[in-house]
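Scroll down for the structure; my scribbles are underneath it.
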Amino acid sequence: MISLYIAIFFTSLLGALIGTPIVRKIALKFRIIDIPSHRKIHLEPIPLLGGISIAVVFLLAFSLFSKLSSEMLAVFLGSLIIILTGLTDDIKGLSPFLKLSLQILACWLVVIFGISVSFTNNPAIDIPITFLWIVGITNAFNLLDNMDGLSVGIAGIASFFFFLLSFMEGQFLIASLSITLSGACFGFLRYNFSPAQIFMGDTGSMFVGFILSIIGIKLRFAESGLFSFAIPIIVLGLPIFDTTLVTISRLISGKKVSEGGRDHTSHRLVLLGLSHAKAVLSLYFIGIILGTFTLILSRLIIPQVFIVLLFLVLFLFGLVFFGRIKSNEKKEKIKQNT
């Protein structure tokens, strides 16, 4: 069985390695590029649409490994909605409201066919949580795509740990899909790590977020309830943290949450003196620590409340720590102007 997963990983890795340069040429030919601005760190136009190579590799594997069912068909169709939404946004641009509406439509599609969290076993509570989870994670990876190699690298790491967790729980389909996504992400990372030759664009960042959110829902453990709900949150803790940090920071400063800017976790690490590449590698390391933590938790008998409290304490500590970096930056600007 392990040899099969290894074959799946390297097949998807190779698919992304071969497919990405092709997509890059298409993006350059049709001038689908990301233009530098004061909110962005790249200095030259970079082709977009790289996420198409990840999506194509994953959906081909998805069609091969998943059994035909209403749930899997809903995931496939929901993915197409997300891909088309991202593609349109990359080419023409979409308003935040329309983009969010289409994400909710994709989420609604998978929910009506039975994909939902089972946190309370009360649909009136679980379904709204499901919408918040899927739409939230989809946008979290979109927001995390703010530095070369960051979003796709974290997606590759998270999907690899989802593979390990699902493999240990005997979930063949989820393990296969997770390792496929991981291979595709790492294959694309070859061209996206600093200095990036191509960007995922919204097509890729929203797609990987959408798929990871569903994998997190479908992941099942012998220990149900709070534990099953906490594990995916911890695996995806970094994009969740970054989105929370940016949202609070922008609301406090009176900015639109969807506006964009250099106030992400990665940018704050650069303010501490790290290079862009080292900031990204540091966040990879945190992603690996979080994933390893979930592997340990899945094999230990620990009170569920303790796990949640520990994670919340670390989460809040991180918000305070990185929030202070922003305030220190403001102080420096004030000093320079006086």
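So here's what we get for this one:
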quantity: Some residue of the range 179-188 being part of a helix (DSSP H, G or I), surrounded by fewer than 24 Cβ atoms within 10 Å (Cβ to Cβ) and not hydroxyl-bearing (Ser, Thr, Tyr); calculated: yes
quantity: Of all residues making up the range 92-119, the number that are of a type outside the set (S, T, N, Q), over 22 Å from Leu73 (Cβ atoms) and not in a helix (DSSP H, G or I); calculated: 4
quantity: Set Leu236, Leu189, Leu212: member being of a type in the set (A, V, I, L, M) and over 13 Å from the mean Cα position of the chain (by Cα); calculated: Leu189
quantity: Residue check, Ile2 within 27 Å of Pro195 (Cα to Cα) and aliphatic (A, V, I, L, M); calculated: no
quantity: Of all residues in the range 260-279 being of a type in the set (D, E, K, R) and in contact (Cβ under 8 Å) with a residue 40 or more places away in the chain, the one that is farthest from Asn139 (Cα to Cα); calculated: Arg268
quantity: Residue match in the range 215-224 (condition: in a helix (DSSP H, G or I), surrounded by fewer than 24 Cβ atoms within 10 Å (Cβ to Cβ) and of a type in the set (Val, Ile, Thr)); calculated: yes
quantity: Selection within the range 22-49 - surrounded by 14 or more Cβ atoms within 10 Å (Cβ to Cβ) and either in contact with a strand residue (DSSP E or B) (Cβ under 9 Å, 6 or more places away or on another chain) or modelled with pLDDT of 95 or more (or both); calculated: Val23, Arg24, Ala27, Leu28, Ile32, Ile33, Asp34, Lys40, His42, Ile46, Pro47, Leu48
quantity: Conditions (1) in contact (Cβ under 8 Å) with a residue 40 or more places away in the chain; (2) among the aromatic types (Phe, Trp, Tyr); (3) more than 17 Å from Ala7 (Cα to Cα); number of the one not met by Phe131; calculated: (1)
quantity: The listed residue being under 23 Å from Leu144 (Cα atoms) and of a type in the set (A, V, I, L, M, F, W, C), out of Leu98, Leu64, Leu73, Leu68; calculated: Leu98
quantity: Residue within the range 229-237 that is touching a strand residue (DSSP E or B) at 6+ places or on another chain (Cβ under 7 Å) and surrounded by 21 or more Cβ atoms within 10 Å (Cβ to Cβ) present; calculated: no
quantity: Extreme residue, nearest to Phe141 (Cα to Cα), among residues of the range 281-314 that are modelled with pLDDT under 75 and surrounded by 16 or more Cβ atoms within 10 Å (Cβ to Cβ); calculated: Phe311
quantity: Extreme residue, nearest to Thr88 (Cα to Cα), among residues of the range 6-21 that are hydroxyl-bearing (Ser, Thr, Tyr) and surrounded by 20 or more Cβ atoms within 10 Å (Cβ to Cβ); calculated: Thr20
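The values are calculated or read from the model by the stated rules, or taken from the named source; none is laboratory data. Everything numeric here is computed off the predicted structure, so don't read it as measured data. For neighbour counting, all protein chains shown are included, and Cβ atoms are generated from backbone atoms with ideal geometry for every residue, glycine included.
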